[in-house]
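To start, the structure itself, in structure tokens.
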Amino acid sequence: MAKTLNYGLIGCGSFGGSHLEALTKMEGVKITAICDKHMKWCNDKKVRYGLEDAVCFDNYEEMLAKMKFDIVTVATSDKAHAGATVAALKAGNNVLCEKPMALFLDECKEMIKAQEESGKLLMVGQVCRFTPGFVKAKEMVDAGVIGELYYVESEYAHDYALIPGVDNWRVDKDREPIIGGACHAIDLLRWIAGNPIETMAYSNHKVLTDWPVNDTTVAIMKFPNDVIGKVFTSVGCKRDYTMRTVLYGTKGTIIVDNTTPYLTLCLEKSTKDGHFADGYFGTGSEREIRHLIKVSLNNHNVAQEHKVMREALLDGKPLMMTGREGAATVAVCRAVVEAAKTGSAVKIEYDF
Ligand SMILES: NC(=O)c1ccc[n+]([C@@H]2O[C@H](COP(=O)([O-])OP(=O)(O)OC[C@H]3O[C@@H](n4cnc5c(N)ncnc54)[C@H](O)[C@@H]3O)[C@@H](O)[C@H]2O)c1
């Protein structure tokens, strides 16, 4: 039987709800307190997830002073991540903090310091590392299925027009979409291709014109081993949400996203006589062997994040997404913002 751990949640909005949805289906979970600065969201989640025994708070300092937890999940708006995480760590709790770790690197450093001083665990919820299609793609790259990587691209295209968040928190000059949203795409490429070394970027602002930030950015990057890459983000785009990702290797290409139930693997077909096969110019696909590999759809696999967090706590297994990993993704995001602002290439520092 799973050991029962005691959970608290700070931030009871829509993604706090996703965490509760996952936690209430897991064994060995007791949710003893939930907190939101607007009590109505606490009450809403308490009823919706049948948390009769959970105490509701509208102030996390009070919650952390009165109660102790095995794991506190921080699912507030991005700007409150650092304050809530540092407070929870200082009060002696392990923390799973939503992405992005924070909007600024100084906050990330403060969070890492609090984690180290407390001796507790800190995990950052970069959930794409648990999305089945992306997990499969990474496994295939690591196994050499597409040869040596030479170009990688990912995107975060998500229309924010109708999801400004409680109190319009996404409509904030500090909440650059490349950090708040495209941290997913950047983290994914970092995970697969390593820490980018340098970036150049362009941004524009033509769709969400009443928002105080650029809504579209394209960044190009140099990765280790002479791999080059691109990240595109648009948060005003009039299309379905997607994180289409393409990984090009010397022997093949993987095309994958988070909303399609298969991954496409293209491999070169060997030709005996060295000229284009008949029909190549007609179909454009004669030189490729295409495999459609089924993957399950689990776009926001927070259940797996919680499983990893529990296994780290109970069995000492390594945490894939530590504070330093979360901070490295923020470092790349900040460099992209600076590159777009200055019009110059920016070297990315990972000094934390
Ligand atoms: N991993 C993912 O794929 C994913 C998806 C969506 C959102 N998120 C992240 O989850 C977080 C929450 O997003 P959301 O969509 O649920 O937003 P939301 O607006 O629905 O909910 C945020 C909640 O946090 C509460 N809050 C803000 N500051 C607080 C504070 N100081 N103390 C207590 N409560 C506070 C707000 O009142 C609100 O109820 C964000 O960081 C967002 O980036 C992650």
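Among the residues of segment 52-63, how many are farther than 20 Å from Gly28 by Cα and free of Cβ contacts under 8 Å to residues at least 40 places away in the same chain?
6
Return the only residue of Glu305, Glu268 being farther than 30 Å from Lys347 by Cβ and modelled with pLDDT of 95 or more.
The match here is Glu305.
Rundown of residues vs (1) buried (at least 19 other Cβ atoms within 10 Å of the Cβ); (2) outside any helix (DSSP H, G or I), yes/no style:
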| residue | (1), (2) |
| --- | --- |
| Ala80 | no, no |
| Gly83 | no, no |
| Pro100 | yes, yes |
| Met111 | yes, no |
| Gln115 | yes, no |
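Pairs only if they're at least six apart or on different chains, beta carbon under 7 angstrom, first in segment 98-115 and under 14 Å from Ala84 (Cβ atoms), second part of a loop (DSSP other than H, G, I, E, B) and among the basic types (Lys, Arg); list them, first residue then second.
Note: pairs meeting the criteria are Leu103/Arg175.
Would you tally the residues in segment 118-167 being more than 24 Å from Ser14 (Cβ to Cβ) and in contact with a strand residue (DSSP E or B) (Cβ under 8 Å, 6 or more places away or on another chain)?
Here the count works out to 15.
Might you let me know whether segment 31-40 holds any residue that is of a type in the set (Ser, Thr, Tyr) and outside any loop (DSSP other than H, G, I, E, B)?
For segment 31-40, residues of a type in the set (Ser, Thr, Tyr) and outside any loop (DSSP other than H, G, I, E, B): present.
I'd like to verify a number: residues in segment 294-326 that are in a helix (DSSP H, G or I), touching a strand residue (DSSP E or B) at 6+ places or on another chain (Cβ under 8 Å) and within 16 Å of the ligand (Cβ to nearest atom), how many?
8
Any chance you could count how many residues in segment 161-192 are within 12 Å of the ligand (Cβ to nearest atom), under 17 Å from Thr233 (Cβ atoms) and of a type in the set (D, E, K, R)?
4
Residues checked against (1) under 24 Å from Val127 (Cβ atoms); (2) away from the ligand (no atom under 14 Å from the Cβ); (3) loosely packed, with under 14 Cβ neighbours inside 10 Å; (4) without any contact (Cβ under 8 Å) to a residue 60 or more places away in the chain:
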position: Ser18; (1), (2), (3), (4): yes, no, no, no
position: Ala22; (1), (2), (3), (4): yes, no, no, no
position: Met26; (1), (2), (3), (4): yes, yes, no, no
position: Lys40; (1), (2), (3), (4): no, no, yes, yes
position: Asp44; (1), (2), (3), (4): yes, no, no, yes
position: Gly50; (1), (2), (3), (4): no, yes, yes, yes
position: Thr76; (1), (2), (3), (4): yes, no, no, no
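Which of the following residues is at pLDDT below 95 and either farther than 16 Å from Trp191 by Cβ or surrounded by 13 or more Cβ atoms within 10 Å (Cβ to Cβ) (or both): Glu311, Glu288?
After applying the criteria, what remains is Glu288.
Checking Ala88 against (1) over 19 Å from Ala303 (Cβ atoms); (2) in a loop (DSSP other than H, G, I, E, B); (3) not charged (D, E, K, R): exactly one of these is not met. Which one?
(2)
Only residues that are buried (at least 22 other Cβ atoms within 10 Å of the Cβ) and within 13 Å of the ligand (Cβ to nearest atom): list them for segment 87-98, please.
Ala88, Leu96, Cys97, Glu98
Can you name the condition, by its number, that Asp106 falls short on among (1) under 22 Å from His184 (Cα atoms); (2) near the ligand (Cβ under 10 Å from one of its atoms); (3) of a type in the set (Asp, Glu); (4) surrounded by fewer than 24 Cβ atoms within 10 Å (Cβ to Cβ)?
(2) is the only condition that Asp106 fails.
Given the condition away from the ligand (no atom under 15 Å from the Cβ), crowded, with 24+ Cβ neighbours inside 10 Å, touching a residue at least 12 places away in the same chain (Cβ under 8 Å) and among the β-branched types (Val, Ile, Thr), answer yes or no: does some residue in segment 193-202 qualify?
Yes - at least one qualifying residue is present in segment 193-202.
Give segment 29-38 a look and list any residue that's more than 16 Å from the ligand (Cβ to nearest atom) and touching a Leu at 6+ places or on another chain (Cβ under 6 Å), or say none.
Correct list: Val29 only.
The values are calculated or read from the model by the stated rules, or taken from the named source; none is laboratory data. On a predicted model such as this, the values are computed, not experimentally measured, just so you know. Every residue, glycine as well, gets a Cβ built from its backbone with ideal geometry; the counts of neighbours run over all protein chains shown.
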